[in-house]
Amino acid sequence: MALASILHDFQVSLAHVDAGVERQLALRVARHPSESMTRLWLRVLAECLHWREGIGQGPGLCDPEAPDVLARDLTGAVTLWVRVGRPEPLRMQREADRNAGADVAVLFEAPRWMEAFVAEARAAGLTRLGRVGLAAVEPALLADLARVEERRTRLGLTVVGDHLYVERDGRAFDAPLLRGYVPGI
């Protein structure tokens, strides 16, 4: 018998200054039994960083081909396709091609994984990855957030430029959000 996913509730006070977003979000995120808290937090941060109408969590590890975060417009067309963790560059180029009218992005769990992704893409000559938004979160921030495993979490997240400020349970954390790109090959 397979273990069931665990639902986590996040009450997020989001202020994304550059995007002009200020919202109270109620996120219900299903955590696959084999998913780490670090990856769960990465998915939550990805949804907050890319917030727009019609956004939601993908099926996560239950469907490895699906995005981790997805947004659709009122017609059902995909407007955002996000993968978290350590995706393969070739796969991301295919997704960028399939979702030509959408924003396609990756949120890495560490800058070194983003650097490895860029190096692999350049070595493989993947020319169409330039339109994929790449960003990485500092592992220390993810470790701090994942340290306490709660099913109900209240937090404040402020994004200013390429910096994240998080307030959770009276504790403040902050870290840079590192951006990357695959230069024209």
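From the list Arg83, Arg39, Arg91, pick out the single residue that is modelled with pLDDT of 95 or more, in contact with a Lys or Arg (Cβ under 9 Å, 6 or more places away or on another chain) and within 15 Å of Phe108 (Cβ to Cβ).
Arg83
Of the residues Ala71, Ala66, which is within 21 Å of Trp113 (Cβ to Cβ) and over 9 Å from the mean Cα position of the chain (by Cα)?
Ala66
Can you tell me which of Asp9, Asp18 is more than 15 Å from the chain's Cα centre (by Cα), in contact (Cβ under 8 Å) with a residue 24 or more places away in the chain and in a strand (DSSP E or B)?
The match here is Asp9.
Has region 115-131 got at least one residue that is under 15 Å from Asp68 (Cβ atoms), touching a Leu at 6+ places or on another chain (Cβ under 8 Å) and hydrophobic (A, V, I, L, M, F, W, C)?
no
How many residues, within region 147-159, are surrounded by 16 or more Cβ atoms within 10 Å (Cβ to Cβ) and either under 13 Å from Gly170 (Cα atoms) or not β-branched (Val, Ile, Thr) (or both)?
3
Please verify whether Arg122 is under 13 Å from Val182 (Cβ atoms) and of a type in the set (Lys, Arg), treating the condition exactly as stated.
So Arg122 passes the test.
With without any contact (Cβ under 8 Å) to a residue 60 or more places away in the chain, part of a helix (DSSP H, G or I) and either in contact with an Asp or Glu (Cβ under 6 Å, 6 or more places away or on another chain) or under 19 Å from Thr38 (Cβ atoms) (or both) as the only criterion, which of Ala105, Ala140, Ala123, Ala136 stands out?
Ala140
Is region 8-15 home to any residue that is within 15 Å of Val137 (Cβ to Cβ), loosely packed, with under 15 Cβ neighbours inside 10 Å and modelled with pLDDT of 90 or more?
No, because not a single residue in region 8-15 is within 15 Å of Val137 (Cβ to Cβ), loosely packed, with under 15 Cβ neighbours inside 10 Å and modelled with pLDDT of 90 or more.
Take region 48-92 and flag every residue that is surrounded by fewer than 18 Cβ atoms within 10 Å (Cβ to Cβ), among the acidic types (Asp, Glu) and in contact with an Asp or Glu (Cβ under 9 Å, 6 or more places away or on another chain).
If the condition is that a residue be surrounded by fewer than 18 Cβ atoms within 10 Å (Cβ to Cβ), among the acidic types (Asp, Glu) and in contact with an Asp or Glu (Cβ under 9 Å, 6 or more places away or on another chain), then Glu53, Asp73, Glu88 are the ones that fit.
Of everything in region 107-146 that's surrounded by fewer than 15 Cβ atoms within 10 Å (Cβ to Cβ), under 20 Å from Ala46 (Cβ atoms) and among the hydrophobic types (A, V, I, L, M, F, W, C), which residue is farthest from the chain's Cα centre (by Cα)?
Ala116
The values are calculated or read from the model by the stated rules, or taken from the named source; none is laboratory data. The structure presented is a predicted model; accordingly, all values stated were derived computationally and were not measured. Positions of Cβ are backbone-derived with ideal geometry, glycine not excepted, and every protein chain shown enters the neighbour counts.
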